[in-house]
1. Residues of the range A:32-86 being acidic (Asp, Glu) and surrounded by fewer than 16 Cβ atoms within 10 Å (Cβ to Cβ), which ones?
2. Taking the conditions exactly as written (within 9 Å of another protein chain (Cβ to nearest Cβ), of a type in the set (Lys, Arg) and in contact (Cβ under 8 Å) with a residue 24 or more places away in the chain), does B:Lys14 satisfy them or not?
3. Of all residues in the range A:3-31, which are in a loop (DSSP other than H, G, I, E, B), surrounded by fewer than 16 Cβ atoms within 10 Å (Cβ to Cβ) and not acidic (Asp, Glu)?
4. Just to verify a result, which residue in the range B:6-26, among those that are closer than 18 Å to B:Glu156 by Cα and of a type in the set (D, E, K, R), is modelled with the lowest pLDDT?
5. Can we say B:Gly114 is buried (at least 24 other Cβ atoms within 10 Å of the Cβ), more than 9 Å from chain A (Cβ to nearest Cβ), in contact with a helix residue (DSSP H, G or I) (Cβ under 7 Å, 6 or more places away or on another chain) and within 26 Å of A:Val47 (Cβ to Cβ)?
6. Has the range B:93-101 got at least one residue that is more than 11 Å from every other protein chain (Cβ to nearest Cβ), at pLDDT 95 or above and not in a helix (DSSP H, G or I)?
7. State yes or no: is B:Thr98 under 11 Å from the mean Cα position of the chain (by Cα) and either closer than 22 Å to A:Glu82 by Cβ or among the aliphatic types (A, V, I, L, M) (or both)?
8. What pairs can you find where one residue is in the range B:143-159 and of a type in the set (A, V, I, L, M, F, W, C), the other is exposed (fewer than 13 other Cβ atoms within 10 Å of the Cβ), and their Cβ atoms are less than 7 Å apart, with a gap of 6+ or different chains?
Amino acid sequence: MAQDTIDFDLPIEADHVARFAAAVGAEQDPIFSDPQAAQELGLPGPVAPPTFGVTQIFHVPRGERESRLGANLDYGRVLHGEQEFLIKRLPLVGETLRGEMRIAKDFTKEGKRGGSMRFVTYETRFTDADGDEVMTALYTLIETAKDVG
Amino acid sequence: MSESRVDTGRVFPKRLTMDGVTPGMEFDEVVFGPLRREDFVRYAEASGDDNPIHQNEEYARSQGAPTVFAMGMLNAGFLATALAGWIGGAQNIKRLKTRFTNRVWAGDEVACSGRVVAIEDGLVKVTVEARRRGPGPEPLNLEKEQTAIVGEADVEVPA
């Protein structure tokens, strides 16, 4: 039975942050690993990169997202169309964020070359231990028409 | 083992204050790559995106792609790294929106560019773009350069 939201924990671990930063070419930036460098910028400690929120996939895999939120997408014709992060502050290494995922938008529009495209946006709101908002990730998938590609 | 092939001189963020920001200013291009299949594997392990279309040649071909290609979010991650370098550090990024327009292939470079479009209510509004640059997979006969991501960001730069 589909439900409206999925709640999960996103731990921000030092080793994971370092591997993610290296994978996106940011291994030279000390803000992701060096407490002193982070403090010089006024941060309590090292932080995760702005796009680190995508690692939520470890905690909410596609199958679970599909069965529990019920978008019923045909992944043979699904593209990642758009991604947006609204950031109050970057996640701190050592904290665990609470994620709450839901479908924020689901609409269909006619494509320029005929055939309709469906846009589904998954919104995940991340909060900290005090319940304060840290960031929101908007993950938009496009399901192309059956006769395309 | 360090195997950075990025332009590290630019991704180490320099301090920036509002005095240094004017509408219309363009940031210096930052180039990542050329990308290798190992970069896709490394990002898969770090991000959790283990879709085989980015790692398994046979699977990619079964899905109509001539070979594996980069995850959109890997390219967006490069773009965020470039942006952080331009605007005084990742901690200044308050919003980043990316739209994926073309695939990036092994052997391609990812060239990131950005421009200040406005300053509104203390927020610096930036447009960003990532372009793939390279030969591309042979059967596709691609242009040498194509837009891979168009995006926009809101940045808070200290006074």
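1. A:Asp34, A:Glu40, A:Glu64, A:Glu66, A:Asp74
2. The answer is no for B:Lys14.
3. A:Gln3, A:Thr5
4. B:Lys14
5. yes
6. Checked the range B:93-101: no residue is more than 11 Å from every other protein chain (Cβ to nearest Cβ), at pLDDT 95 or above and not in a helix (DSSP H, G or I).
7. Here the answer is yes, as B:Thr98 does meet what is asked.
8. Qualifying pairs under 7 Å: B:Val157/B:Thr17; B:Ala159/B:Thr17.
The values are calculated or read from the model by the stated rules, or taken from the named source; none is laboratory data. What you see is a predicted model; the values in this text were computed from it and never measured. All Cβ positions, glycine included, derive from the backbone under ideal geometry; neighbour counts span all protein chains shown.
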